[in-house]
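The values are calculated or read from the model by the stated rules, or taken from the named source; none is laboratory data. None of the values given here were measured: they were computed from a predicted structure. When we count neighbours, we look across all protein chains shown, and the Cβ atoms used for this are built from the backbone with ideal geometry, even at glycine. When the accessible area is computed, the model is the full protein with side chains, heavy atoms only, and any ligands, DNA or RNA have been set aside. Shrake-Rupley method; radii C 1.70, N 1.55, O 1.52, S 1.80 Å.
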Amino acid sequence: METSVIKIIGIITACILPLFNIPLIWRIVHRKSSQDISLAWALGVWVCLLFMAPSGFTSEDIVWRIFSYINFLFFTCVVGVVLRYRNGPRTKK
């Protein structure tokens, strides 16, 4: 494969991969609860993304840069929704 084809596939995938956060956001909003999502996991992943962001935002690699912007945006939405719906209806155990 040519490098340009590999780069185009990488760019497309970098745009699509973060979109898989949408079903998670939708499920939390639909159920009006994020009780089944670990707060430590959500905040831990977000902090790691925050610390990785400068590398991605300033990278000369277009695939990494696009992925960093889109993934940081969508995962910030995930964390916001998790925090917003943290005290949703409790499930019976």
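Okay, residues lined up against (1) small (G, A, S); (2) under 11 Å from V78 (Cα atoms):
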position: I11; (1), (2): no, no
position: R31; (1), (2): no, no
position: S34; (1), (2): yes, yes
position: A40; (1), (2): yes, no
position: V47; (1), (2): no, no
position: L50; (1), (2): no, no
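Just one of the listed residues (S59, S55) is polar (S, T, N, Q), outside any loop (DSSP other than H, G, I, E, B) and at pLDDT 95 or above, and it is S55.
Cβ-Cβ distances below 6 Å connect the following pairs, each with a first residue in the stretch 9-31 that is more than 16 Å from W46 (Cα to Cα), a second residue that is not in a helix (DSSP H, G or I), and a separation of six or more residues or different chains: I28/S34; I28/Y85.
Regarding the stretch 73-85, can at least one residue be identified that is charged (D, E, K, R) and either touching a strand residue (DSSP E or B) at 6+ places or on another chain (Cβ under 6 Å) or surrounded by 12 or more Cβ atoms within 10 Å (Cβ to Cβ) (or both)? Yes, the conditions are met somewhere in the stretch 73-85. A search for C-beta distances below 9 Å between a residue of the stretch 45-71 that is on the phi < 0 side of the Ramachandran plot and of a type in the set (D, E, K, R) and any residue that is open to solvent by less than 40 Å² (accessible area, probe 1.4 Å) and assigned to a helix (DSSP H, G or I), counting only pairs 6+ apart in sequence or on different chains, returns D61/G10; R65/A14; R65/G56. Output the residue which, of all residues in the stretch 1-50 that are among the polar types (S, T, N, Q) and farther than 16 Å from D61 by Cα, is surrounded by the fewest Cβ atoms within 10 Å (Cβ to Cβ). Filtering first and then ranking leaves S38. Pull up the stretch 51-72, narrow it to residues that are hydroxyl-bearing (S, T, Y) and over 14 Å from P18 (Cβ atoms), then point me to the one that is most open to solvent (accessible area, probe 1.4 Å). So the residue we want is T58.
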